[in-house]
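Have a look at the structure below before the remarks.
The values are calculated or read from the model by the stated rules, or taken from the named source; none is laboratory data. Keep in mind that this is a model prediction, so the values were computed, not measured. Heads up, the Cβs are rebuilt from the backbone with ideal geometry, glycines too, and the neighbour counts pull from every protein chain shown.
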Amino acid sequence: MIVTIKAARLVLGMICLGATWLLSQAAAPPPPSTAQVALGWRLLADRRLSAGLNLACLDCHRPDRGYADGRAVATADGLNTPTLYGLADRATFGWFTPEVPSLEAFALRPLNNPREMGPISDASLDRLRADPAMRVAYADAFPGAGERITWTQTAQALAAAIRTIPNPRVGELSPAAVRGVAIFAELGCGACHRGRTHSSEAYLNTGVSRDSRNGGNARVPSLIGLAQTAPYFHDGSAATLADVVRAYQFGGQTPGPGVNVAISPFVITDGELQDVVAFLANL
Ligand code: HEC
Ligand code: HEC
């Protein structure tokens, strides 16, 4: 009898597990197809997406510069171009835009920003529709879709491609970088820079500037590929990683009310500062 009850429980348990598995399968979005990723990469490099036919995503997010552009700020918005590394693991997008819900949604912003590639207009889509190669690429990426070459499909393909960007290869930690790991932890940097992308995904004020967007709260950036992505901070105001650490050393570049309590001045020797830099440059 007991055996039968146990067997029944086991069967019931397996049914429940099966149902949970099915539900989890239903909830997960389908992985992008190879054709979607391939289309996305073509679009990232395609200047026909810009209103002036003069700018592609990869002109600012340059693969040879860690998907950033080496400039302090990219446009009159006064914002530094962030890297595209690690975005598959992120939940927040943009320096001051916690309201943007997804990578797909963010991909449309530069297309609609007149200071970047915008304003968005169906004329751009018409240019793509007039190109037989693009018609084939969209048809392969979105088979069975009623309407062809839409902004939704474009954003989906761009996001799919961005999520395939591999993190840069990191070498063995030098002795200096190993010391830097410990100092980084001691200074409390890991309170905000943690996890796979070294970001808590929070928006807060670290006293970089008096920028009033989003109440002065900037998104904690990823620290992936830092060696390639100078200059730093949302306004590009730190030319080097040493400048970043010095800014923290003095409690921010513009200390004062509103700056997060976790940001407070500390004492550090030049050697220790160089150790932290060695660690940061190896992420
Ligand atoms: C003129 C230079 C420029 C161009 C062109 C450009 N970007 Fe950007 N990109 C930026 C800047 C500056 C930011 C920061 C904007 C912000 O925080 O609001 C940014 C932010 C991003 C982010 C957020 C990254 C993060 O860490 O959260 C993504 C994703 C992105 N861009 C994708 C694209 C795509 C896709 C295109 C092409 C459709 C594109 N960008 C074109 C300069 C550019
Ligand atoms: C209270 C949260 C917090 C703490 C603690 C913190 N950071 Fe940051 N970090 C941020 C935020 C937010 C930014 C973006 C600030 C901005 O640009 O306005 C940032 C930016 C950076 C950047 C620039 C990245 C880029 O791509 O521009 C580096 C490097 C960095 N932090 C390293 C450190 C180090 C080293 C420490 C410890 C000394 C530290 N952080 C402590 C939140 C924090």
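Observations, loosely collected:
- Sole exception among (1) closer than 27 Å to Ala88 by Cβ; (2) more than 13 Å from ligand 1 (Cβ to nearest atom) for Asp235, by number: (2)
- Close pairs (6 angstrom Cβ cut-off, 6 or more residues apart or separate chains): farther than 20 Å from Ala247 by Cβ in region 171-200, outside any helix (DSSP H, G or I) and of a type in the set (Gly, Ala, Ser) anywhere: Thr197/Gly86; Thr197/Ser222
- Considering region 152-183, the residues that are among the hydroxyl-bearing types (Ser, Thr, Tyr) and part of a helix (DSSP H, G or I) include one that is nearest to Leu111 (Cα to Cα), namely Thr154.
- The test for being at pLDDT 95 or above, crowded, with 20+ Cβ neighbours inside 10 Å, part of a loop (DSSP other than H, G, I, E, B) and touching a helix residue (DSSP H, G or I) at 6+ places or on another chain (Cβ under 8 Å) holds for Ile149.
- Region 56-96, residues that are more than 21 Å from Thr154 (Cβ to Cβ), within 9 Å of ligand 1 (Cβ to nearest atom) and either among the aromatic types (Phe, Trp, Tyr) or not in a loop (DSSP other than H, G, I, E, B) (or both): Ala68, Tyr85, Trp95, Phe96
Residues are listed down the side, and each one gets a yes or a no for (1) in a loop (DSSP other than H, G, I, E, B); (2) touching a strand residue (DSSP E or B) at 6+ places or on another chain (Cβ under 9 Å); (3) surrounded by fewer than 20 Cβ atoms within 10 Å (Cβ to Cβ):
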| site | (1), (2), (3) |
| --- | --- |
| Arg194 | yes, no, yes |
| Ser200 | yes, no, yes |
| Arg210 | yes, no, yes |
| Ser222 | yes, no, no |
| Ala227 | no, no, yes |
| Ala242 | no, no, yes |
